[in-house]
1. For segment 172-251, report the accessible area per residue in Å² (1.4 Å probe, heavy atoms, rounded to an integer).
2. Between 0 and 90 degrees, rounded to the nearest ten: what's the tilt of helix 181-190 against the longest Cα principal axis of the chain?
3. On average, how much area does the Cα convex hull of the chain cover when viewed from any direction, in nm²?
4. Quick check: the distance between the Cα centres of segment 217-253 and segment 30-45, to the nearest angstrom?
5. Hey, what do the phi angles of segment 250-257 turn into as Karplus ³J(HN,Hα) couplings, whole Hz, using 6.51/-1.76/1.60 and θ = phi - 60°, x for Gly and Pro?
6. What is the percent carbon and sulfur in the accessible area of segment 2-430, measuring with a 1.4 Å probe over the protein chains and ignoring ligands?
7. Kirkwood Rh over alpha-carbon pairs of segment 189-271, then Stokes-Einstein at 4 °C and 1.567 mPa s: what D in µm² s⁻¹, rounded to an integer?
8. Residue by residue through segment 274-289, which ³J(HN,Hα) values in whole Hz follow from phi under the Karplus form 6.51 cos²θ - 1.76 cosθ + 1.60 (θ = phi - 60°), with glycine and proline marked x?
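The values are calculated or read from the model by the stated rules, or taken from the named source; none is laboratory data. Keep in mind the model is a prediction, meaning the values are calculated, not measured. Note that we place each Cβ from the backbone using ideal geometry, even for glycine, and neighbour counts take in every protein chain shown. SASA here: full protein model, heavy atoms, side chains in, ligands and nucleic acids out. Shrake-Rupley method; radii C 1.70, N 1.55, O 1.52, S 1.80 Å.
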Amino acid sequence: MMSAVGAAVGLGNIWKFPYITGEYGGGAFVLVYLITVLLVGFSVMISEMLIGYMGRRDCVANFENLAPRHKSRWKYAGWMGLTGSLVMIYYSVVIGWIFHYITVALTQLPTNVKEAESVFGVMMTQSPGTQIFYHTIAFLITTAVVAKGIKGGIEKMNLILMPALMGILAVMFIYAITLDGFSQAYSYMFTPDWSKLTSEAFVSAVGHAFFTLSLGMGSIMVYSASLPKEGNMVHSSLFVIAGDTIIALVAGLVLFTFLFQYGAEPGKGPGLVFISLPAVFYEMGTIGNLFSVLFFIALAFAGLTSAVSLVEPMVQYLIDKFDMSRLKAAVAMGLFFYLFGIVAIFSQIEGNASYLTWGGKNFFDWADYMTSAVLLPIAGLAMAVFVGFVIEKERIVSVLKPQMGWFFPVWYFSVRYIAPVALVVVMLNLMGVIQF
Ligand code: PHE
């Protein structure tokens, strides 16, 4: 369970959630996101856990074994395990940026937003060497921990890094409460302005709910395969969802408080924590200096505990299917995201961008877009249909009814109808078939 929380709490919570909230104008987006988490995220998470818990193997084998017929076709749904490794192509690069920013925070913070923009811009578009160096460190740590296994590596890492991360956020949160900007941040995040809510915001909320809860990539599935038989999936998923949501909201409140306190813009996009925030930390003086180091360390911890979970499903598959040693499997998947990660780095370097860009998106952006916007909703839909319509109801009842009681029919209804409809709407919207 700790590994599932470690997987869920990641860059999505601390880096992505605040900036997309900023992009879509605050309160209304937060509300839609929370409703999506409860209506769609919760029911799909139980479905993913159930597939892992009943199947007890890697993703592909689980779909194959649990499908009553068309086994060889359902097997393909198990390839959702690959999505995490595709995410790692850019996720590892971003963890590298964070490592670099720990050194920026330790040496010299940019003194204003203009300078911060140039620090970030130079790193991203002109310094392949720096990025490859830190991406290599992210690759080495991730691969070493995965090679040590779930119990000996991933779980141990989570048991140390997660409490440290929470401690750091808690200290920053307590400080934020004492600032005037806090009430502004609070009303920004919790007062909905419906005029700002576009269909794009709705689609992003669903996509982000999946990403942040680590759904649709097999991570939750492979961890659930080692849940004890008497484990309770409703409690486990509520625990993961509550932990993940609280951390995202706290991170958002802290960041927006600092930004508002020093008159910075909330809607700055992906550069929020790398551009606006460092400049704000500088203005805060000594405490800002200290916080900047702590903040990037916390962000690195969040990233690493998620990274290992992103790779694990494919590693598990290679071990199960080809009898590979764990070390070999971890190195194989590590090299996969490492090498493509280097391509992602070069796709953002000035001058190279032209031949690594298609349809207005460079390779880095494609790795993000294809996974969050396309593959995750497809995998979510596949799991909801699989659990809602394919696995025999009696088998599901016998496992879940004792754990759920009266809630079972509500959940089952949501898996069969609410989640698939929401996911189909998202996909049609992305394909441009419907606009609202
Ligand atoms: N949930 C993680 C985040 O918010 C990303 C992730 C997805 C990690 C899937 C593991 C598996 O950053």
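1. On the way: 3210 Å² over 80 residues.
It amounts to 40 Å² per residue over segment 172-251.
2. For helix 181-190, the angle is close to 30 degrees.
3. About 20.3 nm², averaged over all directions.
4. With segment 217-253 and segment 30-45 each reduced to a Cα centre, they are spaced 13 Å.
5. Each residue of segment 250-257 in turn: 5, 4, x, 4, 4, 4, 5, 4 Hz.
6. The computed percentage sits at 67.
7. The Stokes-Einstein estimate is 83 µm²/s.
8. 9, 10, 4, 5, x, 5, 5, 4, 4, 5, 6, x, 4, 5, x, 4
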